[in-house]
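Participant: Dumping the structure here so I can ask a few things about it.
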Amino acid sequence: MVRRAPREDSRQDAPGVSAPKTTAAGNAAVSSIAEEVVGKLGVKRSALTLLSLNQKKGFDCPGCAWPDPDHRHTFEFCENGVKAVAEEATPRRVDVEFFAEHPVSELAERTDYWLGQQGRLTEPMLLEAGGTHYRPVSWSEAFSVIAEELAAMSSPHEAVFYTSGRTSNEAAFAYQLFARKLGTNNLPDCSNMCHESSGAALSETIGIGKGSVLLDDLYQSDLIVICGQNPGTNHPRMLSALERAKREGARIVSVNPLPEAGLQEFLNPQRPGSYIGKGTELADRFLQLRLGGDQALFAALGSLLLAAEDKVPGAVLDRPFLDEHTTGFAAYAEHVRSLDRDEVLRATGVPWSQIEELAEEFISAKSAVVCWAMGITQHRDAVATIREFVNVLLLQGNIGRPGAGVCPVRGHSNVQGDRTMGIWEKMPDQWLDRLGAEFDFQPPREHGLDTVDTIRAMRDGKIRVFMGMGGNFVRATPDSDLTESALRSCALTVQVSTKLNRSHTVTGRRALILPTLGRTEKDTTGGQEQVVSVEDSMGVVHGSRGKLRPASSQLRSEVGIVCGLAERVLGSDDVDWCAMAGDYAVIRDHIEAVVPGFTDYNARVAVPGGFVLPHGPRDSRTFSTPDGKAHLTVNVLRPLEIPEGRLLLQTIRSHDQFNTTIYGLDDRYRGISNGRRVVFVNPGDLHDLGIADASYVDLVSEWRDGDRRAERFRVVSYPTAKGCAAAYFPETNVLVPLDSVAETSNTPTSKAIVVRLEPVP
Ligand code: SF4
């Protein structure tokens, strides 16, 4: 019996508002999980899935990339992990009848939430040119449609192969090989919009674009500074790690424009005390910084550490480390010693005394870790900001020793793994050399398109075929109206998906939906149970084995889709796609030959818990920079000037959301229920602007090419930093100009949009 979701878009956007919470998880999280279990999964599927979720012989959570502790709890998940699983394991189906009932034009009017609640896709669907409805199509016909369009290209660079961070290592490796065998490096991915800035800054300063911290380092650290991150919603199991670090004596500092419940008090459901409200206060300090103020903050911290060293030479800086392992100290010191304090105060919006207190935390800490997420990476000067993080850590030798290091916390479960597998438009020549040697061909060397450049190319009519491996491209990207019309310029759009989303309603002249297996489902491609692997935010690679029977017998795995398509388009002359699809161990053997750090891949991924990838700076203070040194850098401060009567807006997630997937319409921690079109504004700003709490406004962003509008948001008076507002994406991605990007990384500046609020009735 096919279960159907409610057809009407019942819950219109009428947000309820109550006081924000100061505690995270606890009973509310448990009842939220119970709701998912009873409401969506049912007891049997819950047992099958939740007892395997994040277990060593189970499957990896399709949610975020937070690592698993060596000792796993029976219930090794958070409420948002359960929501992610429930979305995948839902018994609801989007099948042929559904598509016959709903024309694309109607689906395009539906909310993201409604589309996501319709359930799992069941078979390949084709939208013919000029068609109004998707119709079923065989896999073979689907591959032929793609092959036809690829063959019609005058250059392989007219095709783009986008990847969302849920794609497994094996599928990602096969996907990049297919694209490069076709002759293009057009491999944009969701990392372009999240931690690209981290990769750029870390590669330049320490020689590797990944974090150096493992869970044990957090437990052993004296000081953990968390910048521009809301772990309570986006990496909830991080709260357990912070609680343990706290119990081991760590000091925790939150640096954020918003007071997030997750960093105030954590009621750990794994602890009986939490059920009677006995939690753990996490942050010892909260610096409520202005958006984009982190670069100035850390530059000031550097100047204060130097000043303290001047007073008591040898008491603060790790001179032996600086002398032996770094370069650039003199220029850096001269720069930060000449910092303009007023400029720092204008940029940070916090009193100097708070900056001094944080400097004291670094001075008295024997080891320190800096963690960050999108609140840092999605700014014009994100790369400079992360370089300042590295500067401060290098001063005291806080890298390459226990309890210390850099910790960019990744969003999507395998976004780091995909990059390691070659999903990048500009892989280094040595990597491409090894790929060419392994498969006996000349990989393309011309750098490809990242996400923002892909949208520009589509806008300019240069892209014929767009293929999305998972994700929801039109909702994850900036400048929604422009992006949607750009995507419509393609001859063919192909979406490999598990569930319905808006990217299925914004199509090229023809469109295909290719339904794939979820992480929770058994993968028996090639007639045997297959294991896939992923890499978490801390560089730990481990296996994942689905447990559930697939939602439909017509689903194919991501690997099966890529290899089937590649065989149809390229044939199996020099790459045995069939063998790779038949046994993923064959893919891993190829990965072992091409990707550094994957020696004995098949043997090591079979070990419960997997293995840790090498990291030169962490493992041996080896820095693979051109001169073999870690780099202290000079970063000129350029505080954003906000015109009178304007605010700086950041786009954020609600607690009932993972990236562009909307699980529900509530945001429990911020006191929002049954609605998403809200804008959080500081009460002082409302007074200055003469706008009433609970009134309605249009949000209008101002850019050199004109205004962009997001209509009718309910104003919520909220304790955000003065001058800084916040609202949910994807609804406000329409406000982010395509050309408003971070320097070097080309990441959209979704955390710093100049807006005006226009009252509406
Ligand atoms: S913390 Fe992240 S990976 Fe862990 S269960 Fe929650 S969503 Fe999944």
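Participant: Out of all the residues in the range 77-87, is one or more surrounded by fewer than 17 Cβ atoms within 10 Å (Cβ to Cβ) and either within 12 Å of the ligand (Cβ to nearest atom) or not assigned by TED's automatic domain parsing to the domain that holds Glu529 (or both)? Talk me through it step by step, then tell me what you get.
Facilitator: Restricting attention to the range 77-87, the residues satisfying the condition of being surrounded by fewer than 17 Cβ atoms within 10 Å (Cβ to Cβ) are none.
No, the range 77-87 has no match at all.
Participant: Further question on the same structure: Considering each residue of the range 95-110, count those that are in contact with a helix residue (DSSP H, G or I) (Cβ under 9 Å, 6 or more places away or on another chain) and aliphatic (A, V, I, L, M), and give that number.
Facilitator: Residues meeting the conditions: 3.
Participant: Still on this structure, I have one more. I'm told Thr493 meets every condition in (1) open to solvent by 20 Å² or more (accessible area, probe 1.4 Å); (2) in contact with a helix residue (DSSP H, G or I) (Cβ under 9 Å, 6 or more places away or on another chain); (3) free of Cβ contacts under 8 Å to residues at least 40 places away in the same chain except one. Can you identify the failing condition by its number?
Facilitator: (1)
Participant: May I pose another question? Considering each residue of the range 318-351, count those that are open to solvent by less than 20 Å² (accessible area, probe 1.4 Å) and in contact with a Gly (Cβ under 6 Å, 6 or more places away or on another chain), and give that number.
Facilitator: Matching residues across the range 318-351 total 4.
Participant: Can you find a residue in the range 489-496 that is over 30 Å from Arg709 (Cα atoms) and either charged (D, E, K, R) or part of a helix (DSSP H, G or I) (or both)?
Facilitator: no
Participant: Then there is this: How many residues are hydroxyl-bearing (Ser, Thr, Tyr), touching an Asp or Glu at 6+ places or on another chain (Cβ under 6 Å) and either assigned to a loop (DSSP other than H, G, I, E, B) or under 26 Å from Glu425 (Cα atoms) (or both) when one looks only at the range 712-760?
Facilitator: 2
Participant: Being surrounded by fewer than 20 Cβ atoms within 10 Å (Cβ to Cβ) and either without any contact (Cβ under 8 Å) to a residue 24 or more places away in the chain or not basic (Lys, Arg) (or both) narrows it down to one residue among Gly671, Gly675; which is it?
Facilitator: Just one listed residue meets the conditions, Gly671.
Participant: Do you know which residues across the range 193-250 are more than 16 Å from the ligand (Cβ to nearest atom), of a type in the set (Ser, Thr, Tyr) and crowded, with 24+ Cβ neighbours inside 10 Å?
Facilitator: Selection gives Ser197, Ser198, Thr205, Ser212, Ser221.
Participant: Can you pull out the residues in the range 89-106 that are modelled with pLDDT under 95 and either part of a helix (DSSP H, G or I) or within 15 Å of the ligand (Cβ to nearest atom) (or both)? Spell out the reasoning first.
Facilitator: In the first step, residues of the range 89-106 are kept if they are modelled with pLDDT under 95; the result is 89-92.
Within the range 89-106, Ala89 is the sole residue that qualifies.
Participant: Something else about it: Determine whether the range 731-749 contains at least one residue that is over 21 Å from the mean Cα position of the chain (by Cα), open to solvent by 30 Å² or more (accessible area, probe 1.4 Å) and either away from the ligand (no atom under 16 Å from the Cβ) or among the β-branched types (Val, Ile, Thr) (or both).
Facilitator: no
Participant: How many residues are open to solvent by 70 Å² or more (accessible area, probe 1.4 Å), farther than 23 Å from Asn682 by Cβ and touching a strand residue (DSSP E or B) at 6+ places or on another chain (Cβ under 8 Å) when one looks only at the range 618-658?
Facilitator: Result for the range 618-658: 1.
Participant: Here is a list: Ala315, Ala283. Which entry is buried (at least 21 other Cβ atoms within 10 Å of the Cβ) and either among the small types (Gly, Ala, Ser) or farther than 30 Å from Val716 by Cβ (or both)?
Facilitator: Criteria check complete, one pass: Ala283.
Participant: Just the residues that are over 23 Å from Phe286 (Cα atoms), aliphatic (A, V, I, L, M) and touching a residue at least 60 places away in the same chain (Cβ under 8 Å), please, taken from the range 308-350.
Facilitator: Those that are over 23 Å from Phe286 (Cα atoms), aliphatic (A, V, I, L, M) and touching a residue at least 60 places away in the same chain (Cβ under 8 Å): Val316, Leu317, Leu322, Ala331, Leu339.
Participant: Only one of these conditions is not met by Ala404: (1) open to solvent by less than 10 Å² (accessible area, probe 1.4 Å); (2) not assigned by TED's automatic domain parsing to the domain that holds Pro259. Which number is it?
Facilitator: Checking Ala404 against (1) open to solvent by less than 10 Å² (accessible area, probe 1.4 Å); (2) not assigned by TED's automatic domain parsing to the domain that holds Pro259, the one that fails is (2).
Participant: Step by step: first the residues of the range 1-34, then only those that are of a type in the set (Ser, Thr, Tyr) and modelled with pLDDT of 90 or more, then the one that is surrounded by the most Cβ atoms within 10 Å (Cβ to Cβ). Which residue is that?
Facilitator: First pass over the range 1-34, keeping only residues of a type in the set (Ser, Thr, Tyr): 10, 18, 22-23, 31-32.
In the following step, the residues that additionally are modelled with pLDDT of 90 or more were identified as 18, 22-23, 31-32.
On the way: Ser18: 10, Thr22: 13, Thr23: 20, Ser31: 11, Ser32: 22.
Ranking the qualifying residues of the range 1-34, first place goes to Ser32.
Participant: If Gly119 satisfies every condition in (1) at positive phi; (2) free of Cβ contacts under 8 Å to residues at least 60 places away in the same chain; (3) not charged (D, E, K, R) but one, which is the exception?
Facilitator: So the condition that Gly119 fails would be (2).
Participant: Also: Would you check if there is a residue in the range 64-71 being open to solvent by less than 10 Å² (accessible area, probe 1.4 Å), out of contact with any Phe, Trp or Tyr (no Cβ under 9 Å at 6 or more places or on another chain) and more than 8 Å from the ligand (Cβ to nearest atom)?
Facilitator: yes
Participant: While we're looking at this one, here's another question. Do we find that Glu128 is open to solvent by 10 Å² or more (accessible area, probe 1.4 Å), modelled with pLDDT of 95 or more and either within 16 Å of the ligand (Cβ to nearest atom) or not aliphatic (A, V, I, L, M) (or both) in this structure?
Facilitator: When the stated conditions are applied, Glu128 passes them.
Participant: So Ser274 fits all but one of (1) buried (at least 16 other Cβ atoms within 10 Å of the Cβ); (2) at pLDDT 95 or above; (3) polar (S, T, N, Q); what number is the exception?
Facilitator: (2)
Participant: So, one more: Residues that are acidic (Asp, Glu): which helices (runs of 4 or more DSSP H) entirely in the range 343-441 hold 2 or more of them? If you could, list the steps in order and put the result at the bottom.
Facilitator: Details: elements: 352-364, 374-377, 382-395, 415-420, 429-439.
So the answer is 352-364, 429-439.
Participant: Then there is this: Scan the range 35-58 residue by residue and report those that are open to solvent by less than 70 Å² (accessible area, probe 1.4 Å) and either within 11 Å of the ligand (Cβ to nearest atom) or in a loop (DSSP other than H, G, I, E, B) (or both).
Facilitator: Listed by number, the residues that qualify are Leu50, Ser52, Leu53, Asn54, Gln55, Lys56, Gly58.
Participant: Return only the number of the condition from (1) in a loop (DSSP other than H, G, I, E, B); (2) more than 16 Å from the ligand (Cβ to nearest atom); (3) in contact (Cβ under 8 Å) with a residue 40 or more places away in the chain that Tyr275 does not satisfy.
Facilitator: Tyr275 satisfies all of (1) in a loop (DSSP other than H, G, I, E, B); (2) more than 16 Å from the ligand (Cβ to nearest atom); (3) in contact (Cβ under 8 Å) with a residue 40 or more places away in the chain except (1).
For (1) assigned to a loop (DSSP other than H, G, I, E, B); (2) surrounded by 24 or more Cβ atoms within 10 Å (Cβ to Cβ); (3) out of contact with any Leu (no Cβ under 7 Å at 6 or more places or on another chain), each residue gets a yes or a no:
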position: Gly508; (1), (2), (3): yes, no, no
position: Ala511; (1), (2), (3): no, yes, no
position: Leu514; (1), (2), (3): no, yes, yes
position: Arg519; (1), (2), (3): yes, yes, yes
position: Asp523; (1), (2), (3): yes, yes, no
position: Glu529; (1), (2), (3): yes, no, yes
position: Ser533; (1), (2), (3): no, yes, yes
position: Met538; (1), (2), (3): yes, yes, no
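Participant: What residue, among those in the range 251-266 that are part of a strand (DSSP E or B) and of a type in the set (D, E, K, R), is most open to solvent (accessible area, probe 1.4 Å)?
Facilitator: Of everything passing the filter in the range 251-266, Arg251 is most open to solvent (accessible area, probe 1.4 Å).
Participant: Okay, next question. Give just the number: which of (1) open to solvent by 10 Å² or more (accessible area, probe 1.4 Å); (2) over 30 Å from Ser750 (Cα atoms) does Asp381 not satisfy?
Facilitator: So the condition that Asp381 fails would be (2).
Participant: Further, regarding this structure: With respect to the numbered conditions (1) farther than 24 Å from Glu535 by Cβ; (2) part of a helix (DSSP H, G or I); (3) within 22 Å of the chain's Cα centre (by Cα), which one is the sole condition not fulfilled by Pro478?
Facilitator: (2)
The values are calculated or read from the model by the stated rules, or taken from the named source; none is laboratory data. As the structure is a computational prediction, the values presented were derived from the model and not from experiment. Using ideal geometry, Cβ is built from the backbone for each residue, glycine included, and neighbour counts are taken over all protein chains shown. Surface accessibility is based on the protein's heavy atoms, side chains included, excluding ligands, DNA and RNA. Shrake-Rupley method; radii C 1.70, N 1.55, O 1.52, S 1.80 Å.
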